[in-house]
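Take a look at the structure below.
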Amino acid sequence: MFELHLDMYQTVGLAAVVFWLGNLIIKKSSFLSKYYIPAPLVGGLIFAILNTIFTASGTITISLDDTLQSILMTVFFTTVGFSASLPLIRRGGKLIALILFVSVVVLTIQNVIGSSIASLFGIDPRLGVGVGSIALMGGPGTAAAFGATMESPVYGVEGATAVSLAAATFGLIAGSMMGGPTMRKRISHLEQNSQIAMQEVAATSEDEKVSIEEDKFETNSTRFVSAGMLLALALGTGVIVSKLLAATGITFPGYMGALVMGAVLRNIVEATGQKYPDFEINTIGEVSLSLFLAMAMMGLELWVLADLAIPIIVILIVQVIFMFLFSYFILFNILGKNYHSAVQTAGFIGYAMGSTSNAMANMQAITRKYGPSPASYIAIPIGGTFSDFFNAIIITAFLNFFT
């Protein structure tokens, strides 16, 4: 069988092609567009399937250099660190703090569900964590990152990336499908009992209506250079922080130090009154995530999923049931039992099962019909972003506990 090995430059170039392929397919598919399936997942999965077929048939096998994959992963999570702005937390006040607290509770339960059911099936409980908050609250990016971490010699969990990414893809679809329908009955009940006047809610100025269309912003080379230098500084100093974390005896993912330094530098910039290049850093993060995800999907060992299909399906079914019961009977009540809490709950389901894009789409589906809920568009994305910090720590604790 002929073996083709791509070096790190050829691999990242192929990842770009895979990304464009995914984008093209999504534009042609209403299903993929509706549920916000990322282009790297679509294109990368197609490549992984073809590579599996070619390898199984003895025709050709393509091996990929993952050097840049780990670098791009670290860059992306560094940009996540830069999102931790203390002024934003203060602006959202108690609501963001409450959303964050609930997120930590939910992601912990997701891991308990995953690891417990995995143990019942006699498989590694750490794979259950991969079908817990790694894939669901974390989303595809965290799934790919921790999948690689679990497969490293430190943990030695075979097939973790394939399992986690498969669960994350399911979560994206489930998060979109659950949000609106779960809260539809609650909103209908509020209308019937005259607890909210929908006409009154809808009579809000146009500037309060939030869209999730593609972000557009004005920039210049100076701002992009500034963003690049901040990222470089966070990456460099993050190595020191990672070594200090390693000295504790607890195994953290390699990007944790850079993520922490991203948060520190963001708040230093804002505290000193300097202009923070938020859009530029977010854009660099999006590019890094897209290429990183494409490469992670391209390298999937799909045959691993066959042996684990039943346990994964059972875990995901239980995760969906838990999310519905918790959101409908507990979270809605905690958030205030009103129209805005319904919007926030739908958004929470989106990112707790998939991603922030799902959350924004869920909230937009409701607000387009009943009217804006400005506070929801602040609290949900910020709370969801900050939950990534705690998710990484709690995931690490679970993995170390079972290792």
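The values are calculated or read from the model by the stated rules, or taken from the named source; none is laboratory data. Because the structure is a prediction, the values reported are computed rather than measured. Note that we place each Cβ from the backbone using ideal geometry, even for glycine, and neighbour counts take in every protein chain shown. Note: accessible area is taken over every heavy atom of the protein model, side chains too, but ligands, DNA and RNA are not part of it. Shrake-Rupley method; radii C 1.70, N 1.55, O 1.52, S 1.80 Å.
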(message) Helix 8-28 against the longest principal axis of the chain: what's the angle in degrees, Cα atoms only, rounded to the nearest 10?
(response) 40 degrees
(request) Give K34/K94; K28/K216; K216/K275; K94/K216; K34/K185; K34/K275 a once-over and call out the pairs whose C-alpha atoms are over 25 Å from each other. (result) K34/K94; K94/K216; K34/K275
(request) Measure off, as a whole percent, the carbon and sulfur share of the 1.4 Å-probe accessible area of segment 271-403, all protein chains present. (result) 68 percent
(request) Starting from the residue with the highest accessible area, list R223, R126 in decreasing order, probe 1.4 Å. (result) R223, R126
(request) Calculate how steeply helix 278-298 sits against the longest principal axis of the alpha-carbon atoms of the chain, using the helix alpha-carbon long axis, and give the answer as 0 to 90 degrees to the nearest 10. (result) 50 degrees
(request) Determine the relative contact order of segment 2-93: mean sequence separation of Cα pairs under 8 Å and six or more apart, normalised by residue count, in whole percent. (result) 38 percent
(message) How tilted is helix 221-246 with respect to the longest principal axis of the chain? Cα atoms for both, answer in degrees (0 to 90, nearest 10).
(response) 70 degrees
(request) Work through the residues other than D307 whose Cβ is under 15 Å from its Cβ and net out their charges, Lys, Arg +1 and Asp, Glu -1. (result) -3
(message) Starting from the 7 Å offset along Cα-to-Cβ, what nm value, one decimal, do you get for the label separation of V154 and M229?
(response) 3.2 nm
(message) Compute the distance from the alpha-carbon center of segment 1-77 to that of segment 227-260, in whole Å.
(response) 28 Å
(request) Please give the solvent-accessible surface of V239 in Å², to the nearest 10, using a probe radius of 1.4 Å with every protein chain present. (result) 80 Å²
(request) On the full set of protein chains, 1.4 Å probe, figure out the accessible area of K337 and give it in Å² to the nearest 10. (result) 110 Å²
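Let me have the 222 nm mean residue ellipticity of the chain computed from DSSP H runs of 4+ only, each contributing -39500 (n - 2.57), with the sum over all residues rounded to the nearest 500.
It comes out at -25000 deg cm²/dmol, rounded to the nearest 500.
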(message) For Cα pairs less than 8 Å apart in space and 6+ apart in sequence, what is the mean separation divided by the residue count of segment 26-173, i.e. the relative contact order in percent?
(response) 17 percent
(message) Given points 7 Å out from each Cα along the Cα-Cβ axis, report the K216 to I89 separation in nanometres with one decimal.
(response) 3.5 nm
(message) Please compute the contact order of the chain in relative form: average sequence separation of alpha-carbon pairs under 8 Å and at least six residues apart, divided by the residue count, as a percent.
(response) 30 percent
